[in-house]
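If you scroll down you'll find the structure; I have some questions about it.
The values are calculated or read from the model by the stated rules, or taken from the named source; none is laboratory data. All of these numbers come straight from a predicted model, not from anything done at the bench. As a convention, Cβ positions derive from the backbone with ideal geometry for all residues, glycine included, and neighbour counts pool all protein chains shown. Areas reflect the complete protein model, heavy atoms only, side chains present, ligands, DNA and RNA absent. Shrake-Rupley method; radii C 1.70, N 1.55, O 1.52, S 1.80 Å.
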Amino acid sequence: MRLQSAGCVFALEEAEHLLRAADSPDEAEALLQRRLSGEPLEYVLGWAEFLGRRVRVVPGVFIPRRRTEFLASAALESASRWEHPVILDLCCGSGALSTVFAGAFPEAELHAADLSSEAVAAARLNLGERAEIHQGDLFAALPFRLRGSIDVVAANAPYVPTDQLPFLPREARIHEPAQALDGGREGLELLRRIAADAPAWLSSGGELLVECSEGQAPGLQADFRASGFQALVRTDAETGTAVVTGVLR
Ligand SMILES: C[S@@+](CC[C@H](N)C(=O)[O-])C[C@H]1O[C@@H](n2cnc3c(N)ncnc32)[C@H](O)[C@@H]1O
């Protein structure tokens, strides 16, 4: 009832999750108060659902979105072309994409990288020893030995244009780090850098897959081509999300 009054659309479902997460009525009340104060449900529960898995999330780290399951599925399809793929989850946040890769490809060599120390810590929580986790600015985070050897790079990098940040839902604006959302002018600054730098790190025939909005996809496809990729755009009409895939030939 209190969640409903506070404007939670899925109040009943949320209440059930909060009750299940609490060990006592006092704890349930504390969790409820956090939610009523506007904290995202996933931070309060400590997990988010992603492609049928529970990914641990902590405040200060981007909450994986269901729309990114489209990128995850496309990357799974790409990685299935290799027997023992080397996969990089670039801008990994909590490592949601990597948890999917780890489940699907027990034989894969997994790497995940992020600039944020909080994200790197969360990815370690989710992936343990299953992936090598690197901290730094895009590909500069990686050891030199990986150059020319990565079969699939999947990146859900920030792509919200800076001038659109004030219009994001309150929960994202207030509770998630701006660094996880802000894609600079047009939202494409990081994605363009990724497209330019990826060829040096990919194996022959390797693939780069990035998430963006439907509207950003044609421009980004042109950037991929300029970097030497054969580029393909797939869109998910339900979420307005696009995945640009570049294959290195
Ligand atoms: C939109 S979030 C996506 C996180 C994760 N891939 C997911 O889908 O849940 C973008 C992530 O990019 C990271 N990031 C921002 N700038 C970066 C940079 N220059 N190098 C590496 N990571 C960066 C942020 O810290 C954040 O974790």
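Tell me which residues, restricted to the stretch 205-236, are outside any helix (DSSP H, G or I) and hydrophobic (A, V, I, L, M, F, W, C).
Within the stretch 205-236, Leu208, Leu209, Val210, Cys212, Phe229, Ala231, Leu232, Val233 meet the criteria.
If I filter the stretch 8-15 for residues that are surrounded by fewer than 12 Cβ atoms within 10 Å (Cβ to Cβ) and aliphatic (A, V, I, L, M), do I get at least one hit?
Yes, the stretch 8-15 contains at least one residue that is surrounded by fewer than 12 Cβ atoms within 10 Å (Cβ to Cβ) and aliphatic (A, V, I, L, M).
Tally time: how many residues in the stretch 108-122 are open to solvent by 10 Å² or more (accessible area, probe 1.4 Å) and either modelled with pLDDT under 95 or assigned to a helix (DSSP H, G or I) (or both)?
Qualifying residue count, the stretch 108-122: 3.
Just to check your reading of the model, which residue among Gly60, Gly38 is within 12 Å of the ligand (Cβ to nearest atom), assigned to a loop (DSSP other than H, G, I, E, B), of a type in the set (Gly, Ala, Ser) and surrounded by fewer than 18 Cβ atoms within 10 Å (Cβ to Cβ)?
Of the residues listed, the single one that is within 12 Å of the ligand (Cβ to nearest atom), assigned to a loop (DSSP other than H, G, I, E, B), of a type in the set (Gly, Ala, Ser) and surrounded by fewer than 18 Cβ atoms within 10 Å (Cβ to Cβ) is Gly60.
Counting only residues that are under 21 Å from Arg147 (Cβ atoms) and in contact with a helix residue (DSSP H, G or I) (Cβ under 7 Å, 6 or more places away or on another chain), which one in the stretch 76-101 is farthest from the ligand (Cβ to nearest atom)? Break it down into steps so the answer makes sense when it comes.
Step one: of the stretch 76-101, the residues under 21 Å from Arg147 (Cβ atoms) are 78-79, 81-82, 84-92, 98, 101.
This time we only want the ones that are in contact with a helix residue (DSSP H, G or I) (Cβ under 7 Å, 6 or more places away or on another chain), so: 79, 85, 87, 89-90, 92, 98, 101.
On the way: Ala79: 16, Pro85: 18, Ile87: 13, Asp89: 7, Leu90: 7, Cys92: 5, Ser98: 9, Phe101: 12 Å.
Only one residue fits best here, namely Pro85.
Right, something else. Condition first: outside any loop (DSSP other than H, G, I, E, B), touching a residue at least 40 places away in the same chain (Cβ under 8 Å) and within 9 Å of the ligand (Cβ to nearest atom). Now tell me which residues in the stretch 123-171 satisfy that.
Within the stretch 123-171, Leu138, Phe139, Ala154, Ala155 qualify.
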